[in-house]
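**Student:** Structure in structure tokens, see below.
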Amino acid sequence: MSVEKNVKKAKRGNENAFQELIQDEKNKLFRMAYLYVKNEDDALDIVQDTIYKAFISIKQLKDHQYFSTWISRILINVALDFIKKHKRTIPFNDVDKFRRDQNLLTEEKLDLLEAIDRLEVQYKTVIILRYYKDLSIKQIAEILKCPEGTVKTRLHRAINQLKSDLKEECV
């Protein structure tokens, strides 16, 4: 069944139609959440919260063709809220791992995912949406509710920062 029909049915309260919509998006949502939190359990929690929020507010979706964009935006907000709430906590089980990681040399710790993780949130978000979710500049601008020029600037700055970080690793 098409996305358009499922969105219309879901807006009328059809849980099966909503479930089909989520089935098409769940892997993308999980990968995106995992890039934010780097923990499978936390990523699953974020996806679950995203699906719940989407379900209770599906009637607010104005255009059926933007379902994927709309739910991605919900996930970004949920992930950022999660990060803010859990910013300074380290699970007790991870304390030893954290200590070992702190003792490693910078060269050993640096890889692309870690470099992305160190980016400011605004730059990290555009990188994830562009290269992991494969969205266009226009779609990213719609999700973030900002001009396309701003998205291009953030993307350019993020790429330059990543190049700089990765170049330092090679030196």
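**Student:** Do we find a residue being farther than 30 Å from residue 15 by Cα and either surrounded by 11 or more Cβ atoms within 10 Å (Cβ to Cβ) or at pLDDT 90 or above (or both) anywhere in the range 74-88?
**Tutor:** Within the range 74-88, one or more residues are farther than 30 Å from residue 15 by Cα and either surrounded by 11 or more Cβ atoms within 10 Å (Cβ to Cβ) or at pLDDT 90 or above (or both).
**Student:** Give the residues of the range 139-151 that are in a helix (DSSP H, G or I) and more than 18 Å from the chain's Cα centre (by Cα), sorted by residue number.
**Tutor:** 148, 149, 150
**Student:** Starting from the range 1-14, keep only residues that are part of a helix (DSSP H, G or I), then list their pairs with residues that are of a type in the set (Gly, Ala, Ser) whose Cβ atoms are within a distance under 9 Å, requiring at least 6 positions of separation or different chains.
**Tutor:** 3/68; 5/17; 6/17; 7/17; 8/17; 9/17; 10/17; 11/17
**Student:** Now a separate question. Tell me which of these residue 104 doesn't satisfy, since it passes every other one: (1) over 24 Å from residue 134 (Cα atoms); (2) of a type in the set (A, V, I, L, M); (3) modelled with pLDDT of 90 or more.
**Tutor:** So residue 104 meets the others, but not (3).
**Student:** Which members of the range 8-43 meet the condition of being surrounded by 12 or more Cβ atoms within 10 Å (Cβ to Cβ) and more than 22 Å from the chain's Cα centre (by Cα)?
**Tutor:** 8, 9, 10, 11, 14, 17
**Student:** Look at residue 133 and say whether it is touching a residue at least 60 places away in the same chain (Cβ under 8 Å), out of contact with any His (no Cβ under 6 Å at 6 or more places or on another chain), under 26 Å from residue 63 (Cβ atoms) and not aliphatic (A, V, I, L, M).
**Tutor:** The answer is yes for residue 133.
Rundown of residues vs (1) surrounded by fewer than 17 Cβ atoms within 10 Å (Cβ to Cβ); (2) among the basic types (Lys, Arg); (3) modelled with pLDDT of 70 or more, yes/no style:
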| residue | (1), (2), (3) |
| --- | --- |
| 90 | yes, no, no |
| 97 | yes, yes, no |
| 119 | no, no, yes |
| 125 | no, no, yes |
| 138 | yes, yes, yes |
| 168 | yes, no, yes |
| 171 | yes, no, no |
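**Student:** Report, by residue number, each residue of the range 44-63 that is in a helix (DSSP H, G or I), more than 18 Å from residue 34 (Cβ to Cβ) and open to solvent by 60 Å² or more (accessible area, probe 1.4 Å).
**Tutor:** Scanning the range 44-63 gives 52, 53, 55, 56, 59, 60.
The values are calculated or read from the model by the stated rules, or taken from the named source; none is laboratory data. All of these numbers come straight from a predicted model, not from anything done at the bench. Virtual Cβ from ideal backbone geometry, glycine too; neighbours counted across all protein chains shown. Surface accessibility is based on the protein's heavy atoms, side chains included, excluding ligands, DNA and RNA. Shrake-Rupley method; radii C 1.70, N 1.55, O 1.52, S 1.80 Å.
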